[in-house]
Amino acid sequence: MRGEIAAVQQATQRARSDAEAAAQRAVDTRLRTQGAESERQLTALTHRLDGLTTSLTELAARVDELSSRVEALGRQVRAAPPASPASPPPAPSTASPVTPVPPPASSATAVPAQPVAPPVSPSMAPPPSVTAGTRPSTNALQPQDIYHASYIDFSKGSYALAIAGFREFLRRFPDHTLAGNAQYWIGESHFSLARGHANTGQPEKATQELELAVQEFSKVLASYPRGEKAPPALYKEALALIELKQPALAQQRLEYLVANFPQAEETPLARERLTAIKTR
């Protein structure tokens, strides 16, 4: 009886050990499943944040474009008054003084031709404001024209043309108020090209464009540290570094962003990225 009792106790112990091992395996499996699900959710949230950041970037660019247009219109309005007084003086001089002088019979046909000219000149008065809009484009408004054309290329996905246009803008007007923005959009163009190559299965080209994006984004802070594009340039540079598998450098950029631009829109996103980097 004692032997049977001992055997039963051993069997019970083995069954308990097996049950505990099975339970542990079930817990481990569940934890792994939950970890994978959490990773998938984190990845989805990361992509969503990237999409929101891109949308914010595009909205900021549109604001820049509208601000530039308002400035351009203001310059047109200031340039229009000198041009409009110049056109009316010829109208009175040809309308009234010249008509009474010629004889009524022979120049009666010529006289109507001259009164026809004054009505044409008033109707032509608005076009000077239109031409005033194009005329300053080669002079005072040339910077905005180059910037707008380059941004249109960017918005259409013509990133190579956008890069060339923004580089031309910086070459001509390195001290313009939009120079920092132009430098930022060069980096953004390379970043967009990198994503395009990655989506089409060209990792080497994607890596090259990411490296160029890092270089161009870093120029924003180096050349225009007080510009409005310094925070987004730091954040996008960090994203490019993360994709280049350089988390340590990315962490430095994000920490600099959080420390020096606490009120920037990108700062909360930078904190979330820092948390994700440190928990890996």
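Observations on the model:
- Residue within region 208-225 that is buried (at least 18 other Cβ atoms within 10 Å of the Cβ) and not in a helix (DSSP H, G or I) present: yes
- Subset of region 197-226 (residues that are more than 16 Å from the chain's Cα centre (by Cα) and of a type in the set (Gly, Ala, Ser)): 198, 201, 206, 222, 223
- Residue identified as at pLDDT 95 or above, among the small types (Gly, Ala, Ser) and more than 21 Å from residue 155 (Cα to Cα) among 179, 250, 233: 250
- Lone qualifier among 249, 257 - being in contact with a Leu (Cβ under 7 Å, 6 or more places away or on another chain), surrounded by fewer than 24 Cβ atoms within 10 Å (Cβ to Cβ), over 19 Å from residue 151 (Cα atoms) and without any contact (Cβ under 8 Å) to a residue 40 or more places away in the chain: 249
- Out of 186, 242, sole residue that is modelled with pLDDT of 95 or more, within 16 Å of residue 46 (Cα to Cα) and part of a helix (DSSP H, G or I): 242
- Out of 132, 110, sole residue that is modelled with pLDDT under 95, exposed (fewer than 14 other Cβ atoms within 10 Å of the Cβ) and among the hydrophobic types (A, V, I, L, M, F, W, C): 110
The values are calculated or read from the model by the stated rules, or taken from the named source; none is laboratory data. The structure displayed is predicted, hence computed values, not measured ones. Using ideal geometry, Cβ is built from the backbone for each residue, glycine included, and neighbour counts are taken over all protein chains shown.
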